[in-house]
Amino acid sequence: MRVGVGLLLDEDCHNSIRELQINLLSRGLIKSPFIQEPHITIKSPFEISTIQNLANYLDEKFDNTKEIIVKTSSLDLFDKNILYQAVSKNKILLDLHYDLIKFCNDKGEYEGENKVFHITIGRSLSKQILEEQIKFKKNTCSLIGVGIFLYNEETKSWIVVYKKKFIDSDN
């Protein structure tokens, strides 16, 4: 099965991302915005035979983790017109990312030194979307947990099959 690991957003950040997606969708600027829960990818998708070992690792790794605050910056596009909200790299994100690469024994093409931390917004239908200078309402987000996302081939979407909340997290 194909899974990825993402850091879960607090309620305010989650709702702001959804509001932005709805705004862009209603204006015909993006498509496919709701195929996954908003999150910051910490480990890109990879093949795994069972989720249990990964879930156990995440339980142990994040057992005493408090919420993590990250800074967001501009909207940008990956190739294939994937619109995303950029997230500033920091030591915590980088350490978590490299730890997961090592644990999973899998380093994807866009990982390691090539990693761009981000929140996917949707597939852009026009490059002009960046010219509109659409502003995301929040410049920081609190990360309140970690999740394993499983790709559902039938629906072409990602579903959260495991969640671990950080301590002191009410969301």
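For a 4.7 Å threshold on C-beta separation, the list of partnerless cysteines in the chain reads 104. Counting charges near residue 2 (Lys, Arg +1; Asp, Glu -1) among other residues having Cβ under 10 Å from its Cβ returns a value of -2.
Taking every DSSP bridge with both residues inside the chain, close to 95 percent are antiparallel.
Tell me, what is the percent relative contact order of the stretch 18-124, built from C-alpha pairs under 8 Å that lie six or more residues apart?
Numbers: 114 pairs, mean separation 44.2, N = 107.
Dividing the mean separation by the residue count of the stretch 18-124 yields 41 percent.
Dividing the C-alpha radius of gyration of the stretch 25-127 by 2.2 N^0.38 Å, with N its residue count, gives 1.19.
Take the residue pairs 31/71; 66/89; 61/115; 107/156; 80/164 and return only those whose Cα atoms are more than 30 Å apart.
Details: 31/71 26 Å; 66/89 18 Å; 61/115 21 Å; 107/156 23 Å; 80/164 32 Å.
In this structure, 80/164 lie more than 30 Å apart at Cα.
Counting every other Cβ atom within 10 Å of each residue's Cβ, 78, 46 order from fewest to most as 78, 46. Does anything in the stretch 1-38 have its amide N under 18 Å from the 7 Å Cα→Cβ label point of residue 69, and if so which residues? Those under the cut-off are 8-14.
With each run of n ≥ 4 DSSP H residues scored as -39500 (n - 2.57), what mean residue ellipticity at 222 nm is computed for the chain after dividing by its residue count and rounding to the nearest 500 deg cm²/dmol? Before the final figure, lay out each step's value.
Values: 3 runs with 40 residues, N = 171.
Value at 222 nm, helices only, nearest 500: -7500 deg cm²/dmol.
Look at 19, 154, 47 and count the other Cβ atoms within 10 Å of each Cβ; fewest to most, that gives 154, 47, 19.
Kindly list the residues of the stretch 23-40 that lie in the label zone of residue 126, defined by a backbone N under 14 Å from the point 7 Å along the Cα-to-C-beta vector. Only 24-31 fall inside the zone, counting backbone N under 14 Å.
Residues of the stretch 1-43 falling in the label zone of residue 161, defined by backbone nitrogen less than 15 Å from a point 7 Å along Cα to beta-carbon, are 1-6. Backbone phi angles across the stretch 60-68, fed through the Karplus curve with coefficients 6.51, -1.76 and 1.60 (θ = phi - 60°), yield HN-Hα couplings of 5, 4, 9, 4, 10, 7, 8, 3, 10 Hz in residue order; Gly and Pro are listed as x.
Values quoted throughout were computed directly from the atomic coordinates according to the rules given, and no laboratory measurement underlies them. Please read these numbers as outputs of a predicted model, since none were measured by experiment. As a convention, Cβ positions derive from the backbone with ideal geometry for all residues, glycine included, and neighbour counts pool all protein chains shown.
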